[in-house]
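Have a look at the structure below before the remarks.
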Amino acid sequence: MRARPALLVVTLWLSAATLPAAAEDFYTITPLGVVGYGGDTRRTRPGFGLSAALLGDRAFGFEVEAVSIPAFFGDEDGLGDNSLTSIACNLVVSGPVAGARPYASGGLTLLVSQVEGPGGLFGIDRNDAGLDLGAGLYAFFSPRLGARADVRYFRNLAAEERDTSPGGLVFGSTEFWRASLGITVKF
């Protein structure tokens, strides 16, 4: 009779030992070099940014990213200095595959359009809600250092509004693709 409690304890211990380990979360910080293209960009435009992500052994993670693309709307005469900044909060779906980590991401984005008119007059400063969707890959060279590359599509959700400045920009229909590459540090 005394063997039953001992057998129960050993059985529970062996059962617990065979359960999968708890998911291990980790953070990434990635400075980014980006290129905006297609859609509303009049030419391919380089930019820069920073991404911070919470990932782990689970399939779902979270990312916050801020990117600025100077001269996004072009640099033609009469347009003035301009830029597009995106601040995104994304859900990330990923998982390790053969030493790499492919992922898909999507979420809400704040698109900040800034255009200075000719001679500093008639400037436009506009904040619009948007969406972004994309896919990419993390590849780690060591336990703490790796690279990240991705491609994303951005689209704003505001009603269309035509600017009356010489550039004739159309806001509210802002859409573009963006490719990025960066060095990732994992914590």
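Only residues that are of a type in the set (Lys, Arg) and within 20 Å of the chain's Cα centre (by Cα) were counted in the stretch 101-143, giving 1. Any residue that is buried (at least 16 other Cβ atoms within 10 Å of the Cβ) and of a type in the set (Asp, Glu) - is there at least one of those in the stretch 50-57? No, there is no match, as no residue in the stretch 50-57 is buried (at least 16 other Cβ atoms within 10 Å of the Cβ) and of a type in the set (Asp, Glu).
Set side by side, the residues 92, 67 differ, and just one is in contact with a Ser or Thr (Cβ under 6 Å, 6 or more places away or on another chain), within 16 Å of residue 184 (Cβ to Cβ), among the aliphatic types (A, V, I, L, M) and touching a residue at least 40 places away in the same chain (Cβ under 8 Å), which is 67.
Counting the residues of the stretch 142-187 that are part of a loop (DSSP other than H, G, I, E, B), charged (D, E, K, R) and at pLDDT 90 or above gives 1.
The values are calculated or read from the model by the stated rules, or taken from the named source; none is laboratory data. No experiment lies behind these values; they were computed from the predicted model shown. Note: ideal-geometry Cβ built from the backbone for every residue, glycine included; neighbour counts use all protein chains shown.
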